[in-house]
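Worksheet: the structure to be examined is printed underneath.
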Amino acid sequence: MPIPDLKPFLLLTLFCASPPLAADELQAVMDLARAGAHGLALQEMDARQPAFSADPSGWIRWEQERLYILELRRDWAGIAERVRQAPAEIPESLARDFVTRRAEAELELGRIEAARQRLRRSLWEAAAPPSVRQRWRRLLIRGYLQAGAIGDARAAMLRYQQDYADTSPEWYLLGAKVLLRAGQPGRALELLEGVEQAQVRPYRWLARLQSTPDSAGALAEEVDRVLAQAQDDMAPLQRARLWAVRARADAVREARAGQVAALEAGLGQGASIDPTLFELSGEALWGAYLAWGEQLGNAEQLLIGQDQRWYFAATESMEQQPRRARALFAVLALQGQTAEHRSLAHDYLARLVLAEPGGGHLLYALYLDSSRFPDIADIPAPVRYLLVDLALDRQDLETASALMQDLAAPAQDQQFAWQLRRARVQVLNGRIAAGVALLEQLLADQANWQNDAHDRFLQVVFDLQRLKEHEQAIALLARIDPTRLALQGQRELLFWLGESYAALDQHRRAAAHFLRSAILADPYAMDPWAQTARYHAARALAAAGLQGDAASLLKGLLKATRDTNRREVLRHELQQLEASAGEGNSPP
């Protein structure tokens, strides 16, 4: 894996290196979240959020923003726990909001009965406004749907309609889901007719497709128009639903190539959508691959059992028509005559899938979300090697460990990648000594490393740093032969060493490594990397008590940068250094 670009990192470190200059601390922390640093923002909240007893209104402001960040992260367990721990003295209106948030979180976590009990108790006990009671009752209906209690959902829906004249998109959407699950697509279409909100559209089209299958061709064209006009800010979940409808329309009219393309595009979004309504799964994609692959085979007069001819047709298509190749390889992967042929076809298929946008999501769906592979042991070994890397990148340690269980070592030319996977699994599961031992074995053969081996090795060292195993990280980094690295690789190696020394409070050594990283190419370099390294060196020097050297570096950065925000932060850092130096020189 390539080393991350540090240009955004420079902006972030310059921003959060010192107390925010903005009057509103909460706004400064939320700016971190908007920049994508959700974890950092939550850590800042832990340090800065006032106690409820000292500042109730302040605590509430911070807590609401915290819950917003947790929602962005889809951390439903975190939301449920924060709300559960809320002080008993919070205002009644906020307590009602927290009931709603906790119920929503529990439904997302599959704790359906707990959510329903909480909602029923609140409906019985709380003197809530009608709008809140409506929302709670909609959540109850949603809970019935999740539990598969369609009759109860239908009855609750009818009672809700009798009590409220609700015309919100949320209600139309929920009502349509109930009717579709109840096998009444015509009624769902009537309910949604004229409702144009974007989130409702896939359900209206689904109802139309189920009630009038002959409209599949025209509907597919409508979906294509919407997707073509969609802006980049359309949520992956919405895109996935649209592609799922497109795939269903193509399935109805037996347009197999379009069905495969739509399923691949939808699954590539990486969004989890309602499987009871939308057929967007690895199982559905396998079915589409097989249907189209067999159609292609018939057109070329390929018979099942003629593996060599199927391989020739598939490999011929790989460069110009990779989707066609995937369909042909899928047939071979499941219907090839020998285990060797099937394994090779799975290998080709998996690598072609990974080359597509969202390929990691596709591969997960095909092999980990399909009844064709009920046990991980049933997944062919070449695919398991690839899935291990995906699982590790996702920090899905349980899956990574299961995939590696009883997996034989690959061929000699794949030994480096295999050992590295084993090391990452050990490290991320907390077995540090075992992981480091494997990494040390790899370093002993450093002279034979190929291509991007150093970058991939560093990824595991970064894992050690994230786990605060800095002494182990330093020992490994120090053994990397810098003469085998390009100039930028040498600068990066020095920088990562500096980071670990700084984390161990060895600030002088950290400063020396950061500064060497900055000036390795040129003593006067001020490119983005050099600026980042100089800034870290200045902070380390200040921590080591060398304020004069730190100030000198910051002044140099101030001269080099034109960005207004960074200049403001650098001036603030200099003022702090001068104030600190003044206090140190003042008489007792």
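The values are calculated or read from the model by the stated rules, or taken from the named source; none is laboratory data. These numbers come from a predicted model, not from an experiment. Cβ atoms come from the backbone with ideal geometry, glycine included; neighbour counts cover every protein chain shown.
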Over region 153-164, the set of residues under 23 Å from E106 (Cβ atoms) and crowded, with 16+ Cβ neighbours inside 10 Å is A153, R154, A156, M157, Y160
Kindly list, by first and then second residue, each pair from a residue in region 282-309 that is more than 23 Å from L263 (Cα to Cα) to a residue that is surrounded by fewer than 18 Cβ atoms within 10 Å (Cβ to Cβ), limited to pairs with Cβ atoms under 6 Å and residues at least 6 apart or on different chains. L302/R309; G305/Q337; D307/Q337; D307/H341
For the subset of region 304-322 comprising residues that are of a type in the set (D, E, K, R) and within 38 Å of the chain's Cα centre (by Cα), which member is farthest from G336 (Cα to Cα)? E319
So, in region 18-77, exactly how many residues are part of a helix (DSSP H, G or I), under 19 Å from L94 (Cα atoms), without any contact (Cβ under 8 Å) to a residue 24 or more places away in the chain and among the charged types (D, E, K, R)? 2
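From D389, D369, D393, grab the single residue that is under 22 Å from H454 (Cα atoms) and in contact (Cβ under 8 Å) with a residue 60 or more places away in the chain.
Values: D389 fails: in contact (Cβ under 8 Å) with a residue 60 or more places away in the chain; D369 fails: under 22 Å from H454 (Cα atoms).
Answer to the check: D393.
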Hey, could you check region 501-542 for residues that are aromatic (F, W, Y) and in a helix (DSSP H, G or I) and say which is surrounded by the most Cβ atoms within 10 Å (Cβ to Cβ)? F514
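Listed residues A327, A355; which is under 17 Å from L263 (Cα atoms) and in contact (Cβ under 8 Å) with a residue 40 or more places away in the chain?
Numbers: A355 fails: in contact (Cβ under 8 Å) with a residue 40 or more places away in the chain.
The unique qualifying residue is A327.
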Residue satisfying condition, being surrounded by fewer than 17 Cβ atoms within 10 Å (Cβ to Cβ) and part of a helix (DSSP H, G or I), within set G489, G498: G489
Hits in region 248-293 - residues which are touching a helix residue (DSSP H, G or I) at 6+ places or on another chain (Cβ under 7 Å) and assigned to a loop (DSSP other than H, G, I, E, B): R253, G268, Q269, G270, A271, I273, T276, L277, F278, E279, L280, S281
List the number of the failed condition for A408; all other conditions in (1) aliphatic (A, V, I, L, M); (2) surrounded by fewer than 20 Cβ atoms within 10 Å (Cβ to Cβ); (3) at pLDDT below 85; (4) in a helix (DSSP H, G or I) hold. (4)
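What helices (runs of 4 or more DSSP H), lying completely within region 175-240, carry at least 2 residues that are more than 23 Å from Q259 (Cβ to Cβ), aromatic (F, W, Y) and under 26 Å from the mean Cα position of the chain (by Cα)? I'd like the intermediate steps shown before the answer.
Numbers: elements: 185-192, 201-211, 216-229.
Fully inside region 175-240 and qualifying: nothing.
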Can you tell me which residues in region 165-191 are crowded, with 16+ Cβ neighbours inside 10 Å and free of Cβ contacts under 8 Å to residues at least 12 places away in the same chain? Q184, R187
Spot the failing condition for E221; the list is (1) more than 25 Å from D166 (Cα to Cα); (2) buried (at least 17 other Cβ atoms within 10 Å of the Cβ), and only one is missed. (2)
Answer with yes or no whether Y524 is free of Cβ contacts under 8 Å to residues at least 12 places away in the same chain and either under 30 Å from A486 (Cβ atoms) or touching a Gly at 6+ places or on another chain (Cβ under 8 Å) (or both). yes
Conditions (1) modelled with pLDDT of 85 or more; (2) closer than 24 Å to E104 by Cα; (3) not aromatic (F, W, Y); number of the one not met by A33: (1)
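Pick from R102, R138, R82, R121: which is in contact (Cβ under 8 Å) with a residue 24 or more places away in the chain, of a type outside the set (V, I, T) and either farther than 27 Å from Q197 by Cα or surrounded by 15 or more Cβ atoms within 10 Å (Cβ to Cβ) (or both)? Quick ask: steps written out before the conclusion?
Numbers: R102 fails: in contact (Cβ under 8 Å) with a residue 24 or more places away in the chain; R82 fails: in contact (Cβ under 8 Å) with a residue 24 or more places away in the chain; R121 fails: in contact (Cβ under 8 Å) with a residue 24 or more places away in the chain.
Just a single option satisfies the conditions, and that option is R138.
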Of (1) surrounded by 20 or more Cβ atoms within 10 Å (Cβ to Cβ); (2) under 20 Å from W243 (Cα atoms), V200 fails just (1)
Evaluate the following for A247: is it crowded, with 24+ Cβ neighbours inside 10 Å, closer than 23 Å to L354 by Cα and in contact (Cβ under 8 Å) with a residue 40 or more places away in the chain? yes
Which of the residues belonging to region 423-442 are aliphatic (A, V, I, L, M) and exposed (fewer than 14 other Cβ atoms within 10 Å of the Cβ)? A433, A437
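How many residues are among the charged types (D, E, K, R) and either under 22 Å from the mean Cα position of the chain (by Cα) or on the phi > 0 side of the Ramachandran plot (or both) if we restrict to region 345-393?
Quick first cut of region 345-393, residues among the charged types (D, E, K, R) only: 347, 351, 356, 369, 372, 375, 378, 384, 389, 393.
Pick out the ones that are also either under 22 Å from the mean Cα position of the chain (by Cα) or on the phi > 0 side of the Ramachandran plot (or both) and you get 351, 356, 369, 384, 389, 393.
Summing the residues that are among the charged types (D, E, K, R) and either under 22 Å from the mean Cα position of the chain (by Cα) or on the phi > 0 side of the Ramachandran plot (or both) in region 345-393 gives 6.
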Residue list for region 435-453, restricted to those being assigned to a helix (DSSP H, G or I) and either among the basic types (K, R) or within 19 Å of A473 (Cα to Cα) (or both): G435, V436, A437, L438, L439, E440, Q441, L442, L443, A444, Q446, A453
Residue that is farthest from V83 (Cα to Cα), among those in region 49-70 that are surrounded by 13 or more Cβ atoms within 10 Å (Cβ to Cβ) and among the aliphatic types (A, V, I, L, M): I69
Restricting attention to region 476-510, which residues are small (G, A, S) and under 31 Å from the mean Cα position of the chain (by Cα)? G489, G498, S500, A502, A503
